[in-house]
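Since the structure comes first, as structure tokens, the remarks are kept for the end.
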Amino acid sequence: MTIVRDARRKPMAPVRVTALRMLARREYSRAELEQRLIARGAEQHEVTPALDDLERRGYLSDARFAQMLVAQKAGRFGKRAIAQAMHVRRVEASAAAGALDTVSTADEAADARALWARRFGAAPRDERERARQIRFLLARGYALAIAFDIVGRPTRSGTERVDAADGDAITGVD
């Protein structure tokens with residue numbers, strides 16, 4: 001029996017074959033692959049057993065997808081941004097937590113500092129620039145404490161910055 005797509009009038013490949021072709025190109029989370037197969041016209045009752053079979057054979061793995069996503073985004077994004085990307089792609093919670101455990105806080109701080117150095121390279125000239133640099137790090141998913149450690153904490157007078165390394169105030173920084 002040949003299934004015909006309405007849009008293209010072209011025979012549709014079996015769900016398992018389509019899923020394998022997609023997985024041959026790149027990793028997918030189970031939920032993401034399921035969504036894409038259904039969007040291509042497959043029925044839910046066909047998709048679930050096919051994905052179960054692929055998972056059982058080791059071709060489909062949320063844990064492997066989560067590790068790949070962490071490796072891809074680490075160094076450019078913080079833990080929160082990576083966790084959000086996994087949530088959007090509906091990665092299984094235990095697989096996401098296991099992959100995020102590989103990113104340590106020390107590594108995250110070092111990655112944030114390297115990213116900041118590549119992007120800005122110099123201490124902010126004024127409070128406006130400081131706020132811009134902090135927003136940049138926050139948008140990349142780094143914690144506010146890490147951003148303050150790298151850029152410096154704003155002060156009431158705006159003319160001094162707390163040095164993250166030793167906690168001493170540096171005056172006259174503008």
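Could you check how many residues of segment 83-110 are under 28 Å from Thr18 (Cα atoms) and touching a Leu at 6+ places or on another chain (Cβ under 9 Å)?
Matching residues across segment 83-110 total 6.
Suppose we keep only residues that are assigned to a helix (DSSP H, G or I), aliphatic (A, V, I, L, M) and within 18 Å of the chain's Cα centre (by Cα) within segment 126-143. Which one would you say is surrounded by the most Cβ atoms within 10 Å (Cβ to Cβ)?
Applying the filter and picking the extreme gives Leu137.
Would you mind finding the one in Leu51, Leu20, Leu37 that is surrounded by fewer than 19 Cβ atoms within 10 Å (Cβ to Cβ) and in contact with a Leu (Cβ under 9 Å, 6 or more places away or on another chain)?
The conditions single out Leu20.
Test Ala114 against the stated conditions and say whether it is part of a helix (DSSP H, G or I), surrounded by 15 or more Cβ atoms within 10 Å (Cβ to Cβ) and of a type in the set (A, V, I, L, M).
no
Give the residue that is modelled with the highest pLDDT, with candidates limited to residues of segment 90-111 that are among the polar types (S, T, N, Q) and part of a helix (DSSP H, G or I).
Ser94
Kindly check whether there is at least one residue in segment 85-106 that is of a type in the set (A, V, I, L, M, F, W, C) and in contact (Cβ under 8 Å) with a residue 60 or more places away in the chain.
Yes, segment 85-106 has at least one match.
The values are calculated or read from the model by the stated rules, or taken from the named source; none is laboratory data. Treat the numbers as computed from the prediction; the structure is a model and nothing was measured. Heads up, the Cβs are rebuilt from the backbone with ideal geometry, glycines too, and the neighbour counts pull from every protein chain shown.
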